[in-house]
Amino acid sequence: MSARPRPGPRIAVIGGGTGLSVLLRGLKKRYGLLTAIVTVADDGGNSGVLREDLGMLPPGDVRSCLLALADEENAMREILKYRFKDGRLAGQSMGNLMIAALNEIYGNFEEAVSRMSDILRVQGRVIPITSAAVRLCAELENGNLVFGESQIPRVVLSEASPIKRVFLWPSDSDASVAACRAVSDADVVLIGPGSLFTSIIPNFLSRGLREALSASRGAKVYVCNVMTQPGETDGFGVREHVERLAEYTGAGLIEYVIANDRVPDADALKPYASDGARRVVPTERDAEYLRQNGIRLLRGDFIEIKNGYIRHDSGRIADAIAGLAARAGVG
């Protein structure tokens with residue numbers, strides 16, 4: 001079995017999607033007390049199929065986090081990463097199906113995730129933000145409503161109308177008690193990276209998490225996205241990401257922002273430019289806004305380019321967190 005890192009500070013990471021799982025891979029090499037709090041508002045792709053067919057919570061983001069925190073030498077990890085290539089299961093992952101089976105056996109999604117954690121010898125915990133079957137919805141600036149996480153970017157672009165607000169349906173979902181406790185007890189709370197409106201903010205729409213963040217005495221850190229996302233954050237800089245996030249977390253809570261200032265080469269940016277995505281690099285305007293609001297900006301080279309994709313470099317983010325935790329006296 002691979003060596004375990006020293007426990008260190010208690011770290012809670014809030015988000016979803018690819019960004020969260022990338023971050024967890026780097027953090028698990030340094031820290032032993034990790035809790036990933038994951039959105040369950042996804043209704044697209046293969047997770048959406050299982051959600052509709054089996055009436056379960058979408059497993060995709062949870063599965064990605066479990067695999068990111070799994071023991072690297074666990075043979076089951078490779079099996080659960082497998083995606084079927086043909087037939088009616090084409091594109092579906094074995095991990096999704098395993099979580100679906102455990103959900104059926106135990107009748108509880110959180111218990112299914114716990115059992116999967118045992119199978120994978122997960123370092124830390126993965127907690128779905130809520131056990132309620134919620135839909136993410138958006139009100140656009142033109143007044144129109146969009147129902148379903150997977151539909152929001154498409155409609156924003158087709159109607160050329162930005163997101164005014166996002167909300168859950170039904171609106172009375174409660175955040176997991178375990179998730180709230182992990183945040184309130186954490187020495188460091190990391191928010192992001194990930195899709196601002198469809199992966200990060202949905203967590204704060206379940207009752208209780210916002211209050212837990214406010215009650216936490218830990219350092220509160222937002223890991224800003226590297227690129228804008230068409231249909232979500234078009235034209236956003238660091239300031240706009242922080243401002244919109246604060247609408248849902250509560251004002252004055254974020255203490256640190258980690259933002260990349262390395263400019264990728266032109267070839268790496270071409271595919272993003274063709275989709276309408278732009279770099280999010282901290283400007284003096286952003287820095288001044290953060291200073292005025294008592295937020296410390298940690299800027300540097302925080303990216304890697306892998307298989308044509310620009311991603312956060314999980315190791316460098318982990319190093320930045322280590323420095324931040326040490327300064328806060330919790331390293």
**Item:** Likely footprinting exposure, VAL223, VAL22, fewest C-beta neighbours within 10 Å first
**Value:** VAL22, VAL223
**Prompt:** With each run of n ≥ 4 DSSP H residues scored as -39500 (n - 2.57), what mean residue ellipticity at 222 nm is computed for the chain after dividing by its residue count and rounding to the nearest 500 deg cm²/dmol?
**Reply:** -12000 deg cm²/dmol
**Message:** So for each of 262-271, 174-183 I average, over its residues, the number of other beta carbons within 10 Å; can you give me the resulting order with the highest mean first?
**Reply:** 174-183, 262-271
**Fill in**
Honestly the range 230-331 on the Cα gyration tensor test (a ≥ b ≥ c root eigenvalues; a/c under 1.5 rounded, otherwise a/b vs b/c for prolate or oblate) is just oblate
**Message:** Within 12 Å, Cβ to Cβ, of SER206, how many net charges do the neighbouring residues add up to if Lys/Arg are +1 and Asp/Glu are -1?
**Reply:** -1
**Message:** With θ taken as phi - 60° and the coefficients 6.51, -1.76 and 1.60, list the Karplus ³J(HN,Hα) couplings across the range 251-262 in order, rounded to whole Hz; mark glycine and proline as x.
**Reply:** 6, x, 8, 5, 10, 9, 10, 9, 9, 6, 10, 7
**Message:** Could you compute Rg(Cα) / (2.2 N^0.38 Å) for the range 2-65, with N its residue count?
**Reply:** 1.31
**Fill in**
For LYS306, the lysines lying under 24 Å Cα to Cα, once residues fewer than eight places off in the same chain are dropped, come out as LYS28, LYS29, LYS81, LYS85, LYS270
**Request:** In Å and from the alpha-carbon atoms only, list the Rg and Dmax of the range 192-237.
**Result:** 12.3, 35
**Request:** Averaged over every viewing direction, what's the projected area of the C-alpha convex hull for the chain? Give it in nm², one decimal, please.
**Result:** 16.5
**Asked** What helices does the chain have that are whole DSSP H segments, at least 15 Å long along their own axis by Cα, and with mean Kyte-Doolittle hydropathy of 0.0 or more?
**Response** 17-27, 94-106, 109-120, 314-327
**Prompt:** Each residue of the range 196-204 in order: what ³J(HN,Hα) in whole Hz does its phi give by Karplus 6.51 cos²θ - 1.76 cosθ + 1.60, θ = phi - 60°, with x for Gly and Pro?
**Reply:** 4, 8, 10, 10, 8, 4, x, 4, 7
**Fill in**
P(r) over all Cα-Cα pairs of the range 43-128, 10 Å bins from 0 to the longest distance, whole percent per bin, short to long, reads 19, 54, 26, 1
**Message:** I'd like the projected area of the range 269-314, averaged over all directions, using the convex hull of its alpha carbons. Report it in nm² with one decimal.
**Reply:** 4.2
**Request:** Taking H placed 1.01 Å from N in the peptide plane, check which residues at least 5 places from ALA36 or on another chain put their amide H under 5 Å from its amide H.
**Result:** VAL13, ARG125, VAL126, ILE127
**Complete:** Taking every other residue with Cβ under 11 Å from the Cβ of PRO230 and scoring Lys and Arg +1, Asp and Glu -1, one gets -1
**Asked** Given springs between every Cα pair under 10 Å in a Gaussian network model of the chain, which of PRO230, PRO128, PRO58 has the largest fluctuation?
**Response** PRO230
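Read-outs: derived from the displayed coordinates by stated rules, not from any lab. Everything numeric here is computed off the predicted structure, so don't read it as measured data. Backbone-built Cβ (ideal geometry, glycine too); neighbour counts: all protein chains shown.
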